[in-house]
Amino acid sequence: MDQRRVRQVTAEVERSCRTATDATELHRAVAGAVATAVPFDRWCAMSFDPSTALPTGGFHVEGLPMSLVPRLLELEYGDEADVGRLADIARADPPVSRLSEETGRHPFRSARFREVLQPAGLPHEVRAVHREGRTPWGAMILFRGTDVPDFTTVEAALLGTLSARVADALRRVQLAARAAEQTADGPGVVLVDVTDLGVAVLTGSPTALERLAEVEDSDVDGLPFAVTSLVRSAHSRRGSSRCRLRTRTGRWLTLHAERLAGSTVSLVVEPSRPADIAALLTDAYRLTEREVEVVGLVVRGHSNAEIARALWLSPYTVADHVKNVFEKTGVRSRGELTGRLFFDHYLPRV
């Protein structure tokens, strides 16, 4: 590959990383720059929750046919083993993978090739995880059709050199987006009157009332059963109560109820942030703080020995934690655990 072209691509990606304010905008700018040196037919990109390496959003319009995406997700985050999963690439050095290399140039060894890429007419694939240090912040996947050669090791190496730059930009963009969410997608408030005769909504912001209407639960006194229970709990305790609920669309809400003067209870309703995933897991599956730490490393592909070194625990203790997590989440394997977390907690946000 011409070194002048490599320098041009690198400079263009660096400019995009400096100026990007949105993850999708950044993904598209990086793809546009890369295309001048590494041609491709289709592509997709995503941002990761750095604690689990599971996606929180992405750009898929120019990627694989949507009819094949459900099967792709099953292979990527389900219990079936396949080569070149993003979680495995995130731990590799460099964090780049060509499917042909992963399969020893026998792509039919990969279920992803047989059931997704070949039916899509895109047999050539290269994956690059954007990683800062050991922390993954996103990934880009490029595809080529049957009428062009496979990606070369030189082309894959170029993607590897861009990894840290793009990861740093994704980190900054996510932090900025999270700060913006606190204003644009901030909390709503409902005031509720609680008496022996029942619970009645006095007034509320449209945002809060709309969010409560999305909660899938039986109504009691015009509110979801769980909300009525929370409000009564706060009223009887003369203090505050807190819970998380899931909407029909799979979104998590965090509710804070606190008794005010007399029979009035204030109810604050806000979206649960992606950064709250550890707390969500703790509440949903009753995991301990240490078990949540172990889960974060398991879904990123770490072995028990690696987890033991990272958390300064014995391998036997880690094995016990993993066993407890399996029992609490109702799974039987690491792959099934990753699938459970992705499909239940992350996919609704993507």
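Among the residues of the stretch 28-50, just one is among the charged types (D, E, K, R) and in contact with a helix residue (DSSP H, G or I) (Cβ under 7 Å, 6 or more places away or on another chain), namely 49.
Within the stretch 102-120, the set of residues being assigned to a helix (DSSP H, G or I), over 25 Å from the mean Cα position of the chain (by Cα) and under 24 Å from residue 334 (Cβ atoms) comprises 109, 114. If we keep just the residues of the stretch 50-81 that are of a type in the set (Asp, Glu) and either crowded, with 19+ Cβ neighbours inside 10 Å or in a helix (DSSP H, G or I) (or both), which is nearest to the chain's Cα centre (by Cα)? It comes out as 76. Filter the stretch 40-83 for residues that are of a type in the set (Gly, Ala, Ser) and out of contact with any strand residue (DSSP E or B) (no Cβ under 6 Å at 6 or more places or on another chain); which is nearest to residue 331 (Cα to Cα)? If we take residues in the stretch 40-83 being of a type in the set (Gly, Ala, Ser) and out of contact with any strand residue (DSSP E or B) (no Cβ under 6 Å at 6 or more places or on another chain), then 78 is nearest to residue 331 (Cα to Cα).
Any read-out appearing in this document is the output of simple, stated calculations on the displayed coordinates, not a laboratory observation. A quick note: this is a predicted structure, and the numbers were derived from the prediction, not measured. Note that each Cβ is placed from the backbone with ideal geometry, even for glycine, and that neighbours are counted across all protein chains shown.
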